[in-house]
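Read the structure below first, then the notes.
The values are calculated or read from the model by the stated rules, or taken from the named source; none is laboratory data. As the structure is a prediction and not an experimental result, all values here were calculated from the model. All Cβ positions, glycine included, derive from the backbone under ideal geometry; neighbour counts span all protein chains shown. In case anyone asks, the SASA skips ligands and DNA or RNA and just uses the protein heavy atoms, side chains included. Shrake-Rupley method; radii C 1.70, N 1.55, O 1.52, S 1.80 Å.
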Amino acid sequence: MKNAKGNGRVTLLVMRDAQHSVKQLHLSKPLMMAVPAVAVLSLSGLVLALQAHSSQVISQLEQKVTAESLKNVQMQRTVNSREQSIERLQNEIVNLSSQAKDMKQRMDRVDELENQLQQFIDKHGTTSMAEPASGAKASSLSWDASQHVGGEYIAVHENDMLDLAQETKDDFQEMQTLLRSMENQIPSTLKKAEETQDRISGQPDLWPTESRVTTSSFGYRTDPFTGRASFHAGIDIAGDNGSPVYAAGAGTIVTAENSGGARGRYIVIEHPNGLQTWYMHLSKIQAHVGQTVDKGEQIAELGSTGRSTGPHLHFQVVKKDKPVNPLPYIQ
Ligand SMILES: [Zn+2]
């Protein structure tokens, strides 16, 4: 480049390489001054624009970062609350499972009771007096489950919880089956128990006459005919000839006849619990063999047939073929 002063122009020599000729560019001085100024101006404009753009980008980035970190905080919160929920659920499964176990144990106990009731009916339904079911098995149910517990703490894992949930589900299904069978069985067991109760109510405990005057008690006495010591197998109740004689308890007439001997006309009732009641010296028999009678039902009229000194009822209770004192039964 050659600066030609004096004519107000500037000559630029452009040299490329050996193959090309040198070129001359004549530029006026003001233009020569303007080019760098324009270049500087446009450069600073560019820099300013770049600065503006980058600060915009930075602020956008900052906003994004802030939003992301907010999201992270929210996510963390969600994770925490989910973890708490899972823990609560786990605790509930544990509780539920323990309740299911307890309930199943109770139902087993009810089932056992039902069996005991059935055994009671089988044993006492047709024969002797009811005895209280004894020797009931000791059961953990008699203890307060909130006490008498302990042991080391062992943390559980998710799979354990799933297993427990499945186990609990199985327990509930088993309970439902058990409940269904109990629902089917218990009504018939109850019916049998009621029948048993009815039979037990056949216990002779009603005073068999209107008169309450006993003229001879149970046990050893002086015989009214011979004057010698003898055994009196029942009680004698004095009464009017023809007055009603009642069944002391529900049962079946097994004898109703005229003995033609000491008993005179007499009736024997067999009661469901195996006891028998005997009614002697009757003037009139008003029941027949095989007939079932209710407690208090009139079966005869009082009299003085057989070996008797006057109108009275000889009333006797027989237990396992042996006469026993009737008073404890009918008083
Ligand atoms: Zn007598």
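Results, tabulated for the structure shown:
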| item | result |
| --- | --- |
| Residue among S97, S69, S55, S85 that alone is of a type in the set (G, A, S), modelled with pLDDT of 85 or more and either under 30 Å from L190 (Cα atoms) or open to solvent by less than 60 Å² (accessible area, probe 1.4 Å) (or both) | S69 |
| F225, sole failed condition from (1) under 58 Å from the mean Cα position of the chain (by Cα); (2) farther than 19 Å from V324 by Cα | (1) |
| Top-ranked residue of the stretch 251-279 - restricted to ones that are aliphatic (A, V, I, L, M) and more than 15 Å from P204 (Cβ to Cβ), ranked as modelled with the lowest pLDDT | A262 |
| Residue count, the stretch 296-307 (criterion: within 16 Å of the ligand (Cβ to nearest atom) and either surrounded by fewer than 18 Cβ atoms within 10 Å (Cβ to Cβ) or free of Cβ contacts under 8 Å to residues at least 12 places away in the same chain (or both)) | 2 |
| Residue selected from the stretch 171-213 under the condition modelled with pLDDT under 85 and in a loop (DSSP other than H, G, I, E, B), by the criterion farthest from V268 (Cα to Cα) | S201 |
| Which listed residue is under 26 Å from T177 (Cα atoms) and under 60 Å from the mean Cα position of the chain (by Cα), from E92, E87 | E92 |
| Residue within the stretch 170-185 that is open to solvent by less than 100 Å² (accessible area, probe 1.4 Å), over 19 Å from the mean Cα position of the chain (by Cα), more than 13 Å from the ligand (Cβ to nearest atom) and aliphatic (A, V, I, L, M) present | no |
| Strands (runs of 3 or more DSSP E) enclosed by the stretch 214-295 - at least 1 residues per element that are in the same structural domain as V318 (by TED's automatic domain parsing), away from the ligand (no atom under 16 Å from the Cβ) and open to solvent by less than 40 Å² (accessible area, probe 1.4 Å) | 244-246, 251-258, 265-270 |
| Test: residue in the stretch 122-144 that is open to solvent by less than 100 Å² (accessible area, probe 1.4 Å), closer than 24 Å to G251 by Cβ, among the acidic types (D, E) and at pLDDT below 80 | no |
| Pairs with Cβ under 7 Å, 6+ apart, first in the stretch 308-327 and in the same structural domain as S283 (by TED's automatic domain parsing) and hydroxyl-bearing (S, T, Y), second within 14 Å of the ligand (Cβ to nearest atom) and not in a loop (DSSP other than H, G, I, E, B) | S308/H281 |
| Residues that are assigned to a loop (DSSP other than H, G, I, E, B) and in contact with a Leu (Cβ under 6 Å, 6 or more places away or on another chain), drawn from the stretch 296-310 | G296, L302 |
| Extreme residue, farthest from the ligand (Cβ to nearest atom), among residues of the stretch 191-210 that are open to solvent by less than 30 Å² (accessible area, probe 1.4 Å) and hydroxyl-bearing (S, T, Y) | T196 |
| Where V94 falls short, out of the listed (1) part of a strand (DSSP E or B); (2) under 30 Å from Y153 (Cβ atoms) | (1) |
